[in-house]
1. Kindly provide the set of residues from region 180-194 that are assigned to a loop (DSSP other than H, G, I, E, B), surrounded by 23 or more Cβ atoms within 10 Å (Cβ to Cβ) and either more than 15 Å from the chain's Cα centre (by Cα) or free of Cβ contacts under 8 Å to residues at least 24 places away in the same chain (or both), ordered by number.
2. I'm checking my understanding of the structure. Among residues of region 407-465 that are in contact with a Phe, Trp or Tyr (Cβ under 6 Å, 6 or more places away or on another chain) and farther than 21 Å from GLU528 by Cβ, which one is nearest to the ligand (Cβ to nearest atom)?
3. So for region 380-388 (the condition being in the same structural domain as HIS283 (by TED's automatic domain parsing), within 14 Å of the ligand (Cβ to nearest atom) and in contact with a strand residue (DSSP E or B) (Cβ under 9 Å, 6 or more places away or on another chain)), does at least one residue qualify?
4. Anything in region 330-374 that is within 19 Å of MET190 (Cα to Cα) and of a type in the set (S, T, N, Q)? List them, or say none.
5. Quick check: is even one residue across region 326-345 at pLDDT 95 or above, surrounded by fewer than 22 Cβ atoms within 10 Å (Cβ to Cβ) and on the phi > 0 side of the Ramachandran plot?
6. Since ILE489 meets every condition but one in (1) farther than 27 Å from TYR340 by Cβ; (2) in contact (Cβ under 8 Å) with a residue 60 or more places away in the chain; (3) not polar (S, T, N, Q), which condition does it not meet?
7. Restricting to region 282-307, name every residue that is within 16 Å of the ligand (Cβ to nearest atom) and surrounded by fewer than 22 Cβ atoms within 10 Å (Cβ to Cβ).
8. Go through SER495, SER473 for me and flag whichever is among the polar types (S, T, N, Q), touching a helix residue (DSSP H, G or I) at 6+ places or on another chain (Cβ under 8 Å) and at pLDDT 95 or above.
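The values are calculated or read from the model by the stated rules, or taken from the named source; none is laboratory data. Being a predicted model, the structure only gives us computed values, none of them experimental. With ideal geometry, Cβ positions are generated from the backbone for all residues, glycine too; neighbour counts draw on all protein chains shown.
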Amino acid sequence: MYNNFEKKLLRYFSIILFALLVMSCKTIPTSSESLKQIDVEATLDNLIPIPVSINKTGGIFVLSGGSNICIEPNNDETIFIGNYLADKINSMLQFNLPIISDEKHLNNGNIYLTTIGGDSSLGEEGYELIINENSMTLKSYQPEGLFRGIQSIIQILYSSIKHALNSASTLKIPTCTIRDSPRFTWRGVMLDVARHFFSVDDVKKVIDMIAYYKLNRFHIHLTDDQGWRIQINSWPNLTIHGGSTQVGGGAGGYYTQQDYSKIVNYANDRYITVVPEIDMPGHTNAAVSSYPVLNCDGITPASYIGVDVGFSSLCINKDSTYIFVDDVIRELSSITKDPYLHIGGDEALATDIADYIDFVEKVQRIVHSHGKQLIGWEEIAQSRLEENSIVQLWKNSNIVQNAVGQKAKLIRSPSSKIYLDMKYDSSTLLGQDWAGYIEVSDAYNWDPLTFINGVTEDNILGVEAPLWTETVSNLEEIEFMLFPRLPGIAEIGWSPVVLRNWEEYKLRLAGHGFHWKKMGVNFYRSNEIDWE
Ligand code: TNX
């Protein structure tokens, strides 16, 4: 069967295989006794966004498998927050820290989360983290502040991930007092689920990443020329037909109202507000091709799987258009617990300008009639806006002055700085480049108060980074475009401008590569960062 040479070769390989097996067995501990205790020192120096103040007090707090997480008061919100923290710690360290609802916090080694005595001057999202030799106390005015604060605790603990931790490890954490609260109330990310569709599970993963960097708005671009992604019971063909395509011709998909509610609840549990967008009157080919009555000529256009913009429009002068808009906004409002409704309004190049102005004003009334606050892309500032309407700037054309003149609040999304669908450089395979290349430093090195005349901090609600998905079709690609730019955007929204410095920031960012590897998050290995 085998000749001599083959036999020798076989014997040789068997010996190597046996040796490898023996060696590999040795490295697997057979019982907990054989786990080596590893003491690891965590650092306070890698937090993103950088806190308002960190006062190091020179001691060491030790977290071990014997620590407890104590919460007060004991209610659904604090239990959720306690469990969220416990899950992260336990999965990182293979600990099994329990949640306890009494005053055990004074015992050695415990973490104590409380809203009792929280400082209201730090606002709804602010928190204090007091770490001394005995315990780690997170205190806030509202549970929301606790949720933001546990992200700081998790980041501090994750700073030790680069070491081979096990359940016998102890974490030594420098003692300190951190006082922290956000600069802007609006710190968001937009995901375009219309050009490519993403599952509820993928969306939840994006929401978790947003939460880790203390962002608090998730804007979901639900409709566009290429797809309609939200079930509307009174107009079922929107999803049956309009949801069945996407860029490039894939199967697309849509969220049932139940799916959408799952997204809203998941985000709300993380103190993230969901902002649904129905883009109108342009970007509506999927709607018009599902219901030709929405077209002025009544003709059914074909489905669209390309990436052009500005060719579609709802018919502005037909009553049926406003019956449609009213139905869509009513149904969407009833499943969106949060106060905002985004009507798009961008790039309506196929709509006559007078018609456009009229349309936005009518839709504004419909949005208000369903109890929601209106948001639109900057073009809507050509219309008469009511007092609490919000304008999202993306190009900062002269229209901005209309918005400010009408006392509208602004969200800054400058395309040349924080459009996450822009390529990092000429070698990036994904993404577009019409607004330029955006390296990690470009996304970080700007301030929401710059590039617009006559605008003060009072006019600005905050920042939001859109990810348009013409070229992005799965979660791994979403992550690649988000990371490492997203943490910088979170810092722009949260931290005082005087604490922001690229040279120092990029050192902090370098450590987060380990966090992403631990979380299984894909990211772009930018040359600008010395990844540890
Ligand atoms: C412009 S920004 C758009 C989107 C595209 C994006 C591609 C804005 C309000 N509209 O329709 O997807 O560029 O980068």
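1. Result: PRO182, ALA194.
2. Step by step, filter region 407-465, then rank; the result is SER413.
3. Scanning region 380-388, I find at least one residue that is in the same structural domain as HIS283 (by TED's automatic domain parsing), within 14 Å of the ligand (Cβ to nearest atom) and in contact with a strand residue (DSSP E or B) (Cβ under 9 Å, 6 or more places away or on another chain), so the answer is yes.
4. The answer is SER333, THR336, GLN373.
5. no
6. Every condition holds for ILE489 apart from (1).
7. Across region 282-307, the qualifying residues are TYR304, ILE305, GLY306, VAL307.
8. SER473
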